[in-house]
1. Select, from Leu185, Leu259, Leu176, Leu192, the only residue that is touching a Pro at 6+ places or on another chain (Cβ under 8 Å) and in the same structural domain as Arg122 (by TED's automatic domain parsing).
2. Within the range 200-225, work out how many residues are touching a Ser or Thr at 6+ places or on another chain (Cβ under 9 Å) and either over 15 Å from Leu260 (Cβ atoms) or assigned to a helix (DSSP H, G or I) (or both).
3. I'm told Val313 meets every condition in (1) closer than 20 Å to Val379 by Cβ; (2) more than 16 Å from the ligand (Cβ to nearest atom); (3) crowded, with 19+ Cβ neighbours inside 10 Å except one. Can you identify the failing condition by its number?
4. Just to verify a result, which residue in the range 371-423, among those that are among the acidic types (Asp, Glu), away from the ligand (no atom under 13 Å from the Cβ) and in a loop (DSSP other than H, G, I, E, B), is farthest from Cys254 (Cα to Cα)?
5. Would you pick out the residues in the range 108-125 that are buried (at least 19 other Cβ atoms within 10 Å of the Cβ) and either under 24 Å from Val42 (Cβ atoms) or without any contact (Cβ under 8 Å) to a residue 60 or more places away in the chain (or both)?
6. Any residue in the range 353-365 that is under 22 Å from the mean Cα position of the chain (by Cα), surrounded by 14 or more Cβ atoms within 10 Å (Cβ to Cβ), within 16 Å of the ligand (Cβ to nearest atom) and not aromatic (Phe, Trp, Tyr)?
7. Only one of these conditions is not met by Ala262: (1) surrounded by 23 or more Cβ atoms within 10 Å (Cβ to Cβ); (2) under 18 Å from Phe86 (Cβ atoms); (3) within 16 Å of the ligand (Cβ to nearest atom). Which number is it?
Amino acid sequence: MKALHRQQSCELHVHVGGCLYAEDLLELGRDIYTEVDWSLFVNSYEGAFGVRPDPERLFREGLRSARGREVFRQHYVYRQEDGGDFGRFQAKFDLLICLYRYWAQHLHREEEVLWRIVERHRQEGLTYVEYRAMFGLDNPESFLRFHRTNARVFQQACTADFTARYLISIPRGAALAGYELVQRLFAENPELIPAVVGLDFCFFEEGYPPEKLRPFFARLQADNHRRPGQALEVAYHVGEVFFDKSLESAVRWCHQAALLGARRLGHAIALGLDPEVAIGRRPGGHEAEPVSERLAQISYDLEHRRELEAVGVAVDNKALRREQAELQGRCAEEQVCRPYTPQRLEEVRRRQDLVLAELARLGVCIESCPTSNLRIGGVPSPVQHPLWRFLRSEVGLAIGADDPGVFDQSLAAELDWVAAHVGLGKRALAARLGDPRRFRFGQARPS
Ligand SMILES: [Zn+2]
């Protein structure tokens, strides 16, 4: 058995749509591509890349010749040269959304799309997969139908040697409303409860401080306690794209998500990317943030003063209180700018170590997705990948493929990549990572 077998057969971080490869899209579009409404893709692609694509031509040529297939792939596969930008990634992702919508809304055969995904994973040798997917809340009936279909297929996909589970991604800006709908799904389809083991927060994180989700987490915790048989755990994308704030705030967001109750953090690049590298990514990188974030940081520093000082981060009580009083009179959205000094950068490193140790203590795992971080997470190069820091720490760590189809990279390839770059050897890497199944959701439910 291969050294990394346990890690390569267990996937904890994939988005359903992102599991479709360019070849899958060509197959799914073969007979219908002239019927599909491509406007979402065409507009977002033009907005992100400045070129208006012609999807019908892409399919026609893609189905006809090897050259056409390559051009099709270029419009779908998200590569390094597309350049660390979530909007550009979303534009490519929109191609599959348009196609999926047609299969769901016009053909009513979206299950076939899902089965294709499951079959591929089975063939790759995966034995445990937690899928996650998002759907807007505008129309509750559509939301329920979408997740019901997904959960049902993943439930039916389970066999003696393959287990699929489902996490429902709910919008950060309307978490309680999304959660209510998930509860409705459980009430209407109790048979799906075993398949749905968690909730996920993904998509744009900037502008959505974890702290705002406090009422959601309180409600979830109370419900989980009251009905342990249908308890839900939370996976939370955080510290992935954080140009809107200081590095201290980005580190704090990861910590706060864990303190609020998230059991797994998606990416958490902010905890592993060296501060000097992070600020060098853009002119004036991470120097400015809104008054509201600076105020939240001051409160955090005052509250966690003892832990921070224990790791060598100076917390000047008086100066912080003064700054707090001054900022409280200002508009929350106003930007405050604080340039970095070598000492401050060193303190950010210590904050990162502190939070990594805290996550380890809380048993909170980081889901690190190597390729995704390089291509959309703004990690400038493999040597600067946050993973190396994570591996040197004690934090629980699971490797995920995120959107293997869009990145054209399987989970097995992700782990081979880590093994090739880590300088540890496969056996030592396997020993450090351990079995990722220990982080799977649903274990707290009474059996
Ligand atoms: Zn993700």
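1. Numbers: Leu185 fails: touching a Pro at 6+ places or on another chain (Cβ under 8 Å); Leu259 fails: touching a Pro at 6+ places or on another chain (Cβ under 8 Å); Leu192 fails: touching a Pro at 6+ places or on another chain (Cβ under 8 Å).
That would be Leu176, the only listed residue that is touching a Pro at 6+ places or on another chain (Cβ under 8 Å) and in the same structural domain as Arg122 (by TED's automatic domain parsing).
2. Residues in the range 200-225 being touching a Ser or Thr at 6+ places or on another chain (Cβ under 9 Å) and either over 15 Å from Leu260 (Cβ atoms) or assigned to a helix (DSSP H, G or I) (or both): 2 in total.
3. It fails just one condition, (1).
4. Going through the qualifying residues, I end up with Asp408.
5. Hits for the range 108-125 are Glu110, Val113, Val118.
6. yes
7. Every condition holds for Ala262 apart from (2).
Conditions tested, residue by residue: (1) under 30 Å from Leu199 (Cα atoms); (2) out of contact with any Lys or Arg (no Cβ under 8 Å at 6 or more places or on another chain); (3) modelled with pLDDT of 95 or more; (4) of a type in the set (S, T, N, Q).
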residue: Ser9; (1), (2), (3), (4): yes, yes, yes, yes
residue: Leu20; (1), (2), (3), (4): yes, no, yes, no
residue: Leu26; (1), (2), (3), (4): no, no, yes, no
residue: Ile32; (1), (2), (3), (4): no, yes, yes, no
residue: Arg52; (1), (2), (3), (4): no, yes, yes, no
residue: Ser65; (1), (2), (3), (4): no, yes, yes, yes
residue: Gly68; (1), (2), (3), (4): no, no, yes, no
residue: Arg88; (1), (2), (3), (4): yes, yes, no, no
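The values are calculated or read from the model by the stated rules, or taken from the named source; none is laboratory data. From a predicted model like this one, the values you see are computed outputs, not experimental measurements. No Cβ is skipped: glycine too gets one built from the backbone with ideal geometry, and neighbour counts run over all protein chains shown.
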